[in-house]
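Report on one structure; see the data block that follows.
Just so you know, all these numbers are worked out from the coordinates, no wet-lab data involved. On a predicted model such as this, the values are computed, not experimentally measured, just so you know. Note that we place each Cβ from the backbone using ideal geometry, even for glycine, and neighbour counts take in every protein chain shown.
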């Protein structure tokens, strides 16, 4: 699933498409912290996230995956 990272440098919009959530997050962090771009967002095609909201969403998905994997392993 592609992810779209958007930001602004002064009044100029910038965007890049990445293949994974990890790549999108890395690019967004780079743009916000290193390059000081403004209004950095990540879109999954359905919803647009701020950097903090995206990190929370990805962490919750990872936790759910870990719990599901543990439950599946315990059921064997």
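With R₀ fixed at 30 Å, the C-beta to C-beta distance from residue 14 to residue 73 puts the FRET efficiency at about 0.10. A convex hull fitted around the alpha carbon atoms of the chain yields 91 Å³ per residue.
Only helices enter the 222 nm calculation for the chain: every DSSP H run of n ≥ 4 contributes -39,500 (n - 2.57), and dividing by all residues gives -15000 deg cm²/dmol, rounded to 500. Measuring how big the range 1-43 is from its alpha-carbon positions, Rg and Dmax come out at 9.5, 29 Å.
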